[in-house]
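A short reminder: the numbers here are calculations on the coordinates, not readings from a lab. Quick caveat, the model's predicted, so the values are computed rather than measured. Here the Cβ positions follow ideal geometry from the backbone for every residue, glycine too, while neighbour counts run over all protein chains shown.
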Amino acid sequence: MTQEALSLQVKVGFGKGVEPAIDKDNVVVQVAPGRILEFARFARDQLGFDFLDAITAVDNIETFELLYHWVSIRPSSQKEIKPAYPGYLLARVIVAKNLGSAQPEPGPDYEPVVPSITQVFPGANQQEREIFDLMGIRFKGHPRLERILLWEGFPGHPLRKDWRPLNAEIPWHLAGMRGFGGGTMADIAPEAHIAVDGSGVGEPIVLGTTAEAPRYPASRPPKPSETMRIKLGQGGLVEGEGPEGPTRQPGVGDPSQEQRALGSDSA
Amino acid sequence: MTQTRNPSRLHPLEIEKGRVDLSLYATEDRKDLRSDLVKINLGPHHPSTHGVLHFFVTLDGETVVDLRVIFGYLHRSMEKLFEGRTYVGNVALTDRMDYTAAMLNNWGWCLCCEKLAGLEVNERSQCLRTVAGELSRLSSHLIGTGVFGQDVGILVTSVMWGFNWREEVLTVLDDLTGARMMYNFMRPGGVRADTDAPQGWSDKVRKVMDGLPRHIEDFHRLMTTNEIFHERTKGIGILTKEDALAYSVTGPTLRGSGVKYDVRRAHPYGIYPELDFDIPVGELGDCTDRYLVRIAEMEQSRRIILQALDRLDATEPGNLGKAPKVFKPPAGDAYAEVEGAKGAIGFYLKSDGGPEPYRAKIRSASFINLQALPMMVRGWKLADLIAIFGSIDINMGEVDR
Amino acid sequence: MAIDLPVVSPGSEELSSTDHGDGIQHHHVGSTFDVLIGPLDKLLNWGRSNSAWPFGFGLCCCFIEFISMSAARFDIARFGSEVIRPSPRQCDVMIVSGTLTKKMTPAVVRLFQQMAEPRYVIAMGNCAVSGGIFSGGYSQVDGVDQVLPVDIYLPGCPPRPEALIHSIIELQKRIRTESLIKGRRLQPAIPPGTKVAHPWGAPEQVFRKLYKRFYDEPAEHGAAAAPARPALPAPAPRGGPADPSS
């Protein structure tokens, strides 16, 4: 099959404003996000592209771009080594960043929604999960859309161009030294990141492993916990300088602070 | 809660002694007699999971009802790191993907860079790439076959044999590149500038290749004709053609199911179109077929290496072409694939004209092959799960990247 | 009765002096207790140093070289470390071979805690030493010494098997300087009593949630019927599968 024949087949068969283009040895089709499932079925059943090679997601600042590469193998022909079409069939899907978003406000979890093609190509399963994990595009109709490489609770989607590591990243691996004893981690209030047994007097520990990293993701204001500094040996927490300046400077004799240090809830 | 027992799991002596009234079970609603399901955890540290892979298995007796695969324990943020380093510097990162066949990852990256910038590679560099890449494939298949033998019960003999022969392959790669595993050898537009084959290298490779058929014969004696191996793998974990294609499986796993798809033939690159080699395929798609395809691919790799060595000797030493030191492709994007040891390794690169890629995506073979596993093991025994998983031959560095 | 121990004794100064961190070498006057325990130290150290069983625990690329080291060509059996155990309860040395990621850390720490004392850690490879080539990424720990007390640092990417053998020999030298009375352990990197929580949710909590969800969710008898296994043909002849094209 030649490239021209394939483009014509796409144009006639799929129709409705689709303009296939020829790029090197590929045939590139621009597909609207809502029609990608329809196009996947069309490519498999009508065009004979029975093998989904790869799904790629690119963050183009204003929009996301999804690229689907298909190959035509057709296993019926044992003697044929060359596929029916030598190149790739490539569907480009431009996804607006606010497309059917799960969150109404722009933010780190601002995730557009695109139909999943797993019901046509089961091989898309893990690739779509990976894109959700690292790029933050949701796939509607996916059987199990969860984080796959990172863990639940990881902030944001690291392959996005505006993603930044949190400044408040505590050297969390210190937590590992506490072992797996029950309840020690869960009992600690989020403010009391470090509670020393009273013996330590030293330099203030700035929370954050990378000093030069931006303080917070550009798209949202910092939480108090991200700007917090802790001074050891003073019996309390020292709020750092957020954008609105130092908010509270608890002294040694601050009663509320003492209560918090003692862990009493009744005030 | 009353426990019901499946009569098929009764001890024969119990039946013989009349301790159990079989008429209790010999009813038509026997299908309702079921044991409770058992959930077990396997990994992320387990000797049979080939690295840091994690299984949640739901069992009915000994039969696998459901399998959930959890990974990411080796996710090293490679795609993000690509964006901060130059194209040439990233070659070293690609080494660490499929670390048993690092040369083929280099090749995939460099091929994509060349496609992006329209670079040509000269004859000697191509021959060196072919020889080194196929040696890498040999090394990976020797490990994969040896470890598969361990999974089905040969204990460590096959592993030791595979690693021992791999040392011979590594010796010649060490002579060429100075490293045993992480070669950092290829460059967009050729190979590393200071690296040409040392004198007498091709004869040394030929000598190693002469010993290979004997090693393959040893594998057949140890494994293929062994009755226990046969019983553990024949007819186990069948992956049909249709399923293999639907789940985007590539590499020896796909060819074991009888689909004659090899990127070296389907999307030719390098000097492969001019070389004479076959693509072995299986028939049934069971564990034996996948194992035999790997063995047969080693023989084909040997054929390729011998042909490429002849062409290498015909070229002028030292003429490695011009691999640009500062590689700055024009804005645009490209996608290229090579046939890796585990399957098709693809790279997508998008350039904005700068010295670093704007976006680099890896299509890794192991990651995609792995997703067929839950479907393949359903209904088999727990011991078969290990055999089937071993026959897919994945590499955690490539799964998690 | 005199016991003749076939062990090279390290410098006697190392055995009889302690550095308390104040820059002064505190020399011990030989007491009766020392005299009694000294030969026992030698005996124990001789046994321990020549049978350091490594933990068969691999993270990444370096583990391939670890296996190479135990295979025929390099043959770690010459140095007494050939018994590679898959269970942490039976091991002495944990060779952290490869990149440690944040997701894997709780499991690694737990495995280390399950090992019996005395236990040793070799950080194998640049990733385990300092993060190596992946330093700066979002998902890995830059250096395993942030979570485990490391005895030997072994750089290389990956280190060759000879280098790994060398690191084990260095570890043996270190074991031979140990003393029952003075102890040998490095202090843990984190002072005891430190409580740290992670703003993202510590991965070990994530672990706990993961397990809980798996064990809590109702399991159903799905299509558990074993697939029909086709009749077995005769064992394949030697020489691999038939290639239909050839």
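Comparing mean-square fluctuations of B:Ile70, B:Ile279, B:Ile305 from a GNM of chain B with C-alpha springs under 10 Å, the top value falls on B:Ile70. Across chain B, counting alpha-carbon atoms alone, Rg and Dmax equal 24.0, 85 Å. Sorted from greatest to least, the principal axis extents spanned by the alpha carbons of the range B:195-340 come out as 53, 43, 24 Å. Of the residues B:Ala341, B:Ala92, B:Ala383, the one that moves most in a GNM of chain B with alpha-carbon contacts below 10 Å is B:Ala383. Electrostatic tally near B:Ser140: other residues with Cβ closer than 11 Å to its Cβ, Lys and Arg +1, Asp and Glu -1, net -1. Coupling constants for the range C:57-69 follow from the phi torsions by the Karplus curve (6.51 cos²θ - 1.76 cosθ + 1.60, θ = phi - 60°), and in residue order they are 9, x, 9, 7, 3, 4, 5, 5, 5, 4, 5, 4, 4 Hz; glycine and proline get x. For chain B, a Gaussian network of Cα nodes joined below 10 Å ranks B:Val91, B:Val38, B:Val57 by mean-square fluctuation, and the top entry is B:Val38.
Listing A:Lys16, A:Lys97, A:Lys161 from the residue with the fewest other Cβ atoms within 10 Å to the one with the most, what is the order?
Listed from fewest to most nearby Cβ atoms, that is A:Lys16, A:Lys161, A:Lys97.
Students often get this wrong, so check it: of A:Lys16/B:Lys260; B:Lys80/B:Lys241; B:Lys361/C:Lys103; B:Lys342/C:Lys103; A:Lys140/C:Lys103, which have C-alpha atoms separated by over 29 Å? Those over the limit are A:Lys16/B:Lys260; B:Lys80/B:Lys241. Counting every other Cβ atom within 10 Å of each residue's Cβ, B:Val293, A:Val95, B:Val326 order from fewest to most as B:Val326, A:Val95, B:Val293. The helix-based estimate of mean residue ellipticity at 222 nm for chain B, built from -39,500 (n - 2.57) per DSSP H run of four or more residues and divided by its residue count, is -13000 deg cm²/dmol to the nearest 500. Put in order of Cβ neighbour count within 10 Å, fewest first, the listed residues B:His75, A:His142, C:His166 become C:His166, A:His142, B:His75.
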